[in-house]
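Visitor: Dropping the structure in here first, questions after.
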Amino acid sequence: MDSPITSGTEDEGPGALERLARDPSSRKRFLKSVGTGAAAGSFSLLLAACGGDDEEAGRPGEDGPPSSGASGDLAIVNYALTLEFLETSFYDKVLESGMLAGPAEELAKTFGEHEREHADSLRSLVEEKGGKPAAEPETTFPLESEKEILALAATVENLGAAAYLGQAAKIQDEEILAMALSIHTVEARHAAALNILIGKDPVPFGSAGVAKPAEMEQVLQMVMPFIAS
Amino acid sequence: MNPHSPAGTLRAVSIDGMTRSAFILRGAMATGALYGAGAVGPYVARAFGQDDGGEGDLEILNFALTLQYLEVEFYKRGMEVGLDGDVKKLATGFLEQEQAHVAAVTQAVMDGGGTPVKEPTFEFPVEDQGSFVGLGMTLEDTGVSAFNGAGPKITNPEVLAAAGTIVQVEARHAAALRLAADQEPAPVAFDETLEMNDALEAAEPFIKE
């Protein structure tokens, strides 16, 4: 089965991520490790906001929203904001690297602008709802060749789409949900376009045609290597 | 006729059915033809915003089912006119996925204790690969916007999660067909125009039965 968080053709099998998702004790260990210095400060704050450093409340993926109602929604928006910061920074660094040209560069420019708009809107939304926006993390990405960059871009966008899908049903506030849904399908468009660009299936879910969500822990673990500590 | 113009193509799609879902879908297409796909979401949100609870999710599921019927018939029409190359490959996969969506949404309606809506009859202005791709991207854009508009009106989290797994696939279809038509795969940063009061006022007549 394809992992929801890759561009879909790498067969990773039931690996660490799935075990993590199933096993509460390893999940707890993971969240603790993130909370105790493996991540940048802003990232730890994000996890704190999500309840990730609290043994009782820290199961956003499996047992419903990280906390109920407005604070749960704000934690989700800050999680999304952090992912958008990562994506924005990724495209900025890709374009700075000068490794892309032609249609690939054009896509990277457009997609990067979209991510910046997403981040701006999510940040405003947090403030509007009386919350404190997540801080922008320091990032690092391997950008050695066009091939590597495009494969990473596809992975990041497929992950982003899966991350939004994983949160949609947990959002209580109608305005926040509307924004999350309208971003979700744009991330999906980015993912499909990049999959096509690297010769993969734009819909990497087989004939059932059902997209796979990714839970918060999975996503955070996947993006950990891109957070500069 | 410009094959990439929503006004040019959506207007010519015929949806012949007497169900409320078919009626709302006709209104959605008219709204898309007038104001672009971004206006379809708010239009659908308003149509379902009028429901006073209880039956709301089933109504939305039946609307989603009607939309999936339309997409299945559209891809079948593509197969009839004859497609080739990458477009044929894409359309073959997409048809299978839309058929799976019809089965899944039908099951969801029955699980919710409802009766799956009857399929309307559709006619599409598709004569060749060019008109297929042009209308296809517009229909998929419209479907994405319709789903996104209906999403916040869904009360059952399981139904919402399931709708999400489908709409993400529709968005991927839209992007792929847009690329095939040499268009931006993601033309805007948000797949729904959140502020569309003027369009909603204008669309009002379509959603009154």
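Visitor: Quick one: which of A:Lys212/B:Lys76; B:Lys89/B:Lys118; A:Lys170/B:Lys76; B:Lys76/B:Lys118; A:Lys212/B:Lys153 span more than 28 angstrom between C-alpha atoms?
Guide: Details: A:Lys212/B:Lys76 26 Å; B:Lys89/B:Lys118 30 Å; A:Lys170/B:Lys76 36 Å; B:Lys76/B:Lys118 18 Å; A:Lys212/B:Lys153 22 Å.
Table pairs above 28 Å Cα-Cα are B:Lys89/B:Lys118; A:Lys170/B:Lys76.
Visitor: Sticking with this structure for a sec: Compute and list, largest first, the equivalent-ellipsoid semi-axes of chain B from the alpha carbon gyration tensor, each √(5λ) rounded to a whole angstrom. Numbers along the way, then the final one.
Guide: Details: eigenvalues 125, 75, 49 Å².
Whole-Å semi-axes of the equivalent ellipsoid: 25, 19, 16.
Visitor: Rounded to the nearest 0.05, what FRET efficiency is calculated for A:Asp120 and B:Met110 with R0 set to 35 Å and r the Cβ-Cβ distance? Intermediate values should be presented prior to the final figure.
Guide: On the way: r = 43 Å, r/R0 = 1.23.
Step by step, r from the Cβ atoms, then E = 0.25.
Visitor: Moving to a separate point now. Over every pair of different alpha-carbon atoms in region B:109-177, take the mean of 1/r and invert it; report that Kirkwood radius in Å.
Guide: Working: mean 1/r = 0.0720 Å⁻¹.
Taking the inverse mean of 1/r over all distinct Cα pairs, region B:109-177 comes out at 13.9 Å.
Visitor: Which order do the peptides A:177-188, B:111-122 take when ranked by the mean count of other beta-carbon atoms within 10 Å per residue, highest first? Show your work: numbers first, answer last.
Guide: On the way: A:177-188: 27.2, B:111-122: 15.2.
The packing order, highest mean first, is A:177-188, B:111-122.
Visitor: Calculate the dipole size of region B:74-132 relative to its Cα centre from +1 charges on Lys and Arg beta carbons and -1 charges on Asp and Glu beta carbons; express the result in debye to the nearest 20.
Guide: Numbers: 5 positive and 10 negative charges, 28 e Å.
Its charge dipole is roughly 140 debye.
Visitor: If you don't mind, there's one more thing I want to ask. For B:Val81 and A:Glu106, what does the FRET efficiency come to when R0 = 30 Å and r is the distance between their Cβ atoms, rounded to the nearest 0.05?
Guide: Between B:Val81 and A:Glu106 the formula returns 0.45.
Visitor: Averaged across A:204-214, how many Cβ atoms of other chains sit within 10 Å of each residue's Cβ atom?
Guide: Values: counts 1, 6, 4, 7, 8, 18, 10, 9, 2, 4, 0.
So the per-residue partner count for this stretch is 6.
Visitor: For an R0 of 45 angstrom, estimate the FRET efficiency from the Cβ-Cβ distance between A:Ala228 and B:Thr121 and round to the nearest 0.05.
Guide: Working: r = 58 Å, r/R0 = 1.29.
The calculated FRET efficiency here is 0.20.
Visitor: Something else now. May I ask for the angle, rounded to the nearest 10°, between helix B:129-150 and the longest principal axis of chain B, with both axes built from Cα atoms and the value confined to 0 to 90°?
Guide: The answer is roughly 20 degrees.
Visitor: Sort the following peptides by mean Cβ neighbour count (other Cβ atoms within 10 Å, averaged over residues), highest first: B:145-153, A:114-122, B:32-40.
Guide: Values: B:145-153: 28.2, A:114-122: 21.7, B:32-40: 24.8.
Ranking the peptides B:145-153, A:114-122, B:32-40 by packing returns B:145-153, B:32-40, A:114-122.
Visitor: Do the sum for chain B: with -39,500 (n - 2.57) for every DSSP H run of n ≥ 4, divided by all residues, what is the mean residue ellipticity at 222 nm, to the nearest 500 deg cm²/dmol?
Guide: Numbers: 8 runs with 137 residues, N = 209.
Mean residue ellipticity, 222 nm, calculated: -22000 deg cm²/dmol.
Visitor: Something else about it: How many Cβ atoms of partner chains, on average, are near each residue of A:174-180 if near means within 10 Å of its Cβ?
Guide: Values: counts 5, 2, 1, 6, 11, 5, 4.
Mean partner shielding for this stretch: 5.
Visitor: Show me the ranking of peptides B:98-108, A:212-222, B:14-24 by mean Cβ neighbours inside 10 Å, starting with the highest.
Guide: Values: B:98-108: 19.6, A:212-222: 23.1, B:14-24: 17.3.
For the peptides B:98-108, A:212-222, B:14-24, the packing ranking is A:212-222, B:98-108, B:14-24.
Visitor: Right, something else. In peptide B:145-152, what is the residue-averaged number of other protein chain Cβ atoms found within 10 Å of each Cβ? Numbers along the way, then the final one.
Guide: Details: counts 2, 0, 2, 9, 3, 1, 10, 11.
Counting other chains' Cβ atoms within 10 Å and averaging over B:145-152 gives 5.
Visitor: Starting from the Cα gyration tensor of region A:86-209, take the square roots of the eigenvalues, sort them a ≥ b ≥ c, and report rounded, prolate or oblate (rounded when a/c is under 1.5, otherwise prolate if a/b is larger than b/c, else oblate).
Guide: Numbers: a/c = 2.38, a/b = 1.33, b/c = 1.78.
Oblate, because a/c is 1.5 or more while a/b does not exceed b/c.
Taken together, the values in this text are just the output of simple stated rules run on the coordinates, not laboratory data. All values derive from a computational prediction rather than experimental measurement. Because the Cβ atoms are built from the backbone with ideal geometry, glycine has one as well, and the counts that use them run over all protein chains shown.
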